[in-house]
Amino acid sequence: QLQLVESGGGLVQTGGSLRLSCTASGNRYSILDMGWYRQTPGNQRELVASITLGLRPNYADSVKGRFTISRDNAKSTVFLQMNSLKPEDTAVYYCKMYSVRDYWGRGTQVTVSS
């Protein structure tokens, strides 16, 4: 079992930056992929970025060149550095980690004002 806790969301102006963090607790010794998803009201949750245990990242086209995902395996933490934020990035951001099955955090709100 894993418990995930996200932090770092908030309100920022267009062009600003935020850094999200998500740390796992519990049986965290077999975590493979980590990732960030986001969801807006009435829409499905969508992949923002993911990173494998071997540190290979994958990004949604909409965030390439602006967002960077990274992880600290020793601390069971995944980060999402978000730069050049746009109003369309406004969403609830969820952390996901895979260890035998998917585990999700409870989400953190990111609001980008125009």
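The values are calculated or read from the model by the stated rules, or taken from the named source; none is laboratory data. As the structure is a prediction and not an experimental result, all values here were calculated from the model. Cβ: placed from backbone, ideal geometry, glycine included. Neighbour counts: every protein chain shown. Side chains included, ligands, DNA and RNA excluded: accessible areas come from the protein's heavy atoms. Shrake-Rupley method; radii C 1.70, N 1.55, O 1.52, S 1.80 Å.
So how do S25, S99 rank on accessible area, 1.4 Å probe, biggest first, that is with the largest at the start?
Ranked list, largest accessible area first: S25, S99.
Using only the alpha carbons of segment 1-47, what is the convex hull's orientation-averaged projected area in square nanometres?
4.7 nm²
Could you list the residues of segment 86-114 with an amide nitrogen less than 19 Å from a label point located 7 Å from the Cα of S62 in the Cα-to-C-beta direction?
86-96, 107-114
Would you mind counting up the charge near A49? Only other residues with Cβ under 15 Å from its Cβ, with Lys and Arg at +1 and Asp and Glu at -1.
Once all neighbours under 15 Å are counted, the net charge is +3.
For E46 and T14 in the same chain, what is the full-extension length gain: residue separation times 0.36 nm, less their Cα-Cα distance, in nm?
Full extension of this stretch gives 9.4 nm more.
For K64, which aspartates and glutamates qualify as cross-link partners when the Cα separation must be under 16 Å and same-chain residues fewer than eight apart are set aside?
Straight-line reach from K64, under 16 Å: E46, E88, D89.
Report the semi-axes of the equivalent ellipsoid for the chain in whole Å, largest first, where each axis is √(5λ) for an eigenvalue λ of the Cα gyration tensor.
One finds semi-axes of 23, 14, 12 Å for the chain.
What longest range of the chain stays clear of loop-exposed trypsin sites (Lys or Arg not before Pro) (DSSP non-H/G/I/E/B, at most 16 other C-beta within 10 angstrom)?
The segment 1-44 is the longest one with no such site.
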